[in-house]
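**Q** Got a structure for you, written out below as structure tokens; questions coming shortly.
The values are calculated or read from the model by the stated rules, or taken from the named source; none is laboratory data. Just so we're clear, the structure is a prediction, and the values are computed from it rather than from any experiment. For neighbour counting, all protein chains shown are included, and Cβ atoms are generated from backbone atoms with ideal geometry for every residue, glycine included.
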Amino acid sequence: SRSSVAAAYSEKGDMEQAVPRFEALAADFERVRGPEHRETLVARENLANAYRVAGDFGRAVTLYEATLADFERVLGRDDPDTLGSRENLALAVVSANDPRGVSLYETALVERERVDGPDHPDALLSRLNLVHAYEQIEDMDRALAVAEAV
């Protein structure tokens, strides 16, 4: 499928080929399924991820923010795709060396633990992501405290 081809280019690191394919997919899903369909939102999330991997953090963050707002409005804040979108936004913000990423990861962890419980594998992964965010801002005390809880 076209999605698999775009993903293969992305995994290969050829973002010049991947990004336009993800852009076309997102546009086609929106045209065919509508702007609020789950598949459209996931296609937009995949496009934002491609922007992030390509190093276009501004476009990635902007699209992640809009897509997260749509996930929350359409699917609810407890939906698994919404929870994942919140973490993807945090990753993009951290990747852009924006200190807001830490608070976004903190919120993502609170939401993940509230929905899935603190011992769920996704909650543990959220905790690990928060550890990495703390490490990025060189707050090793908080990184260690959270890591010890994993």
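**Q** Within segment 129-143, can you find the residues that are of a type in the set (A, V, I, L, M), assigned to a helix (DSSP H, G or I) and surrounded by 13 or more Cβ atoms within 10 Å (Cβ to Cβ)?
**A** Leu130, Val131, Ala133, Ala143 - these are the residues of segment 129-143 that are of a type in the set (A, V, I, L, M), assigned to a helix (DSSP H, G or I) and surrounded by 13 or more Cβ atoms within 10 Å (Cβ to Cβ).
**Q** Out of the residues in segment 93-105 that are out of contact with any Leu (no Cβ under 9 Å at 6 or more places or on another chain) and part of a helix (DSSP H, G or I), which is nearest to Asp122 (Cα to Cα)?
**A** My answer is Ser103.
**Q** Could you give me the residue pairs with C-beta distances under 9 Å whose first residue belongs to segment 1-12 and is assigned by TED's automatic domain parsing to the domain that holds Gly55, whose second residue is modelled with pLDDT of 95 or more and outside any helix (DSSP H, G or I) wherever it lies, and which are 6+ apart or on separate chains?
**A** What qualifies is Ala8/Asp14; Ser10/Ala54.
**Q** While we're looking at this one, here's another question. Restricting attention to segment 47-57, which residues are of a type outside the set (Gly, Ala, Ser) and surrounded by fewer than 20 Cβ atoms within 10 Å (Cβ to Cβ)?
**A** Across segment 47-57, the qualifying residues are Val53, Asp56, Phe57.
**Q** Taking the condition of being farther than 21 Å from Gly117 by Cα and more than 13 Å from the chain's Cα centre (by Cα), how many residues in segment 60-92 meet it?
**A** The number of residues fulfilling the criteria is 3.
**Q** Tell me the residue from Ala43, Ala66 that is under 26 Å from Ile137 (Cβ atoms) and either modelled with pLDDT of 95 or more or surrounded by fewer than 22 Cβ atoms within 10 Å (Cβ to Cβ) (or both), please. Show your work before the answer.
**A** Working: Ala43 fails: under 26 Å from Ile137 (Cβ atoms).
It is Ala66.
**Q** So, one more: In segment 67-92, how many are charged (D, E, K, R), within 16 Å of Val42 (Cβ to Cβ) and outside any helix (DSSP H, G or I)?
**A** Count: 1.
**Q** Tell me which of these Ser103 doesn't satisfy, since it passes every other one: (1) among the hydroxyl-bearing types (Ser, Thr, Tyr); (2) crowded, with 16+ Cβ neighbours inside 10 Å; (3) closer than 23 Å to Ala143 by Cβ.
**A** Going through the list (1) among the hydroxyl-bearing types (Ser, Thr, Tyr); (2) crowded, with 16+ Cβ neighbours inside 10 Å; (3) closer than 23 Å to Ala143 by Cβ, Ser103 breaks only (2).
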